[in-house]
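To start, the structure under review is shown below, and the notes come after it.
The values are calculated or read from the model by the stated rules, or taken from the named source; none is laboratory data. Predicted model, so just to flag it, every value in this text is computed and none were measured. With ideal geometry, Cβ positions are generated from the backbone for all residues, glycine too; neighbour counts draw on all protein chains shown. Areas reflect the complete protein model, heavy atoms only, side chains present, ligands, DNA and RNA absent. Shrake-Rupley method; radii C 1.70, N 1.55, O 1.52, S 1.80 Å.
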Amino acid sequence: MENSINTDYILELKEVSVAYSPGKNAVDKVSAGICPHTVTAIMGPSGCGKSTLLRAINRLHELYQDITTTGEILLKGQNVFKMNPMKVRRLAGMVFQRPNPFPTMSIYGNVLAGYKLNNIRLSRSEKDAIVEQSLRSVNLWEEVKDSLNQKGTFLSGGQQQRLCIARTLALKPELLLMDEPTSALDPISTARIEELILELKEQYTTIIVTHNMSQAARISDNSMFMYLGELVEFGTTKQMFTKPVNKRTEDYLTGAFG
């Protein structure tokens with residue numbers, strides 16, 4: 001595996017493997033370091049382990065039986081496997097492929113859902129401030145401020161996805177984990193989410209799984225190319241797209257396979 005990034009990391013992956021069945025790794029001994037206030041794209045063909053690796057970071061695999069994760073994942077120097085899993089999921093918030101606002105909750109309730117799930121009590125003024133700040137951070141406040149009590153599902157697809165990002169940001173995470181967050185959206189909504197990801201870089205570190213190479217080129221600082229569970233190459237996006245080190249990376253980026 002080629003690695004041309006060397007600096008202080010907010011997240012370190014050390015020999016991380018994930019297996020859905022014994023003896024067969026969907027992610028195989030991945031090691032990498034993620035720098036603060038960057039956007040890192042994880043690319044590769046379907047079934048290469050991109051989403052599996054992303055979900056390992058905040059221990060989502062532990063919600064399912066028979067999935068084993070080995071190796072070390074350090075978040076700001078702390079091993080996530082030695083932390084409370086709920087805390088890990090607060091610090092490394094996940095945004096999924098399809099917008100998934102909780103259908104029975106209002107927009108207001110959706111933003112605060114993480115606090116409710118974690119049994120964190122807040123005063124009304126604290127709730128109001130968190131809702132407004134979170135919705136402003138995703139440029140949604142002006143669009144929904146007069147309909148906060150309506151269900152989140154009445155919003156457009158792009159608005160729903162921004163609401164889901166606001167719900168994640170409300171818990172003040174260290175990392176944003178995004179699993180193909182624009183694949184279910186139209187081009188205009190996709191552009192707004194991409195702009196948002198770039199804006200959020202000032203405050204957050206983002207790792208995004210994307211099948212869209214053009215998107216990776218537009219918004220990421222660094223890129224990881226995975227193939228058959230292996231991290232083949234990891235470097236700056238500019239270098240990877242202009243002068244990939246590994247032949248498999250070059251073949252993927254030029255459309256020879258994948």
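Only Lys, Arg, Asp and Glu carry charge here, each on its Cβ (+1 for the first two, -1 for the last two); on that basis the range 25-102 has a dipole of about 280 debye about its Cα centre. Note that the range 163-174 has calculated 3J(HN,Hα) couplings of 4, 5, 5, 4, 4, 6, 5, 4, 8, 6, x, 8 Hz, one per residue in order, obtained from phi through the Karplus relation 6.51 cos²θ - 1.76 cosθ + 1.60 (θ = phi - 60°); glycine and proline are x.
Taking every DSSP bridge with both residues inside the chain, close to 55 percent are antiparallel. Dipole magnitude for the chain: computed about the Cα centre from +1 point charges on Lys and Arg Cβ and -1 point charges on Asp and Glu Cβ, it is near 680 debye. Using the 1.4 Å probe convention, the accessible area of the range 1-104 works out to 51 Å² per residue with neighbouring protein chains retained. Using a probe radius of 1.4 angstrom, the carbon and sulfur fraction of the accessible surface of the range 1-157 is 47%. Spin-label model, LEU198/ALA184: points 7 Å from Cα along the beta carbon direction are separated by 2.6 nm.
When the C-alpha to C-alpha distance is required to be over 31 Å, the pairs from LYS82/LYS243; LYS14/LYS238; LYS145/LYS238; LYS172/LYS243; LYS50/LYS247 that qualify are LYS82/LYS243; LYS145/LYS238; LYS172/LYS243. Couplings 3J(HN,Hα) of the range 15-20, computed from phi: 6, 7, 10, 10, 10, 8 Hz, in residue order, whole Hz [Karplus 6.51 cos²θ - 1.76 cosθ + 1.60, θ = phi - 60°; x for Gly and Pro]. Counting only alpha carbon atoms, the long axis of helix 124-137 and the longest principal axis of the chain meet at about 50°. Take the range 142-258 with all the other protein chains still there, run a 1.4 Å probe, and you get 44 Å² of accessible area per residue.
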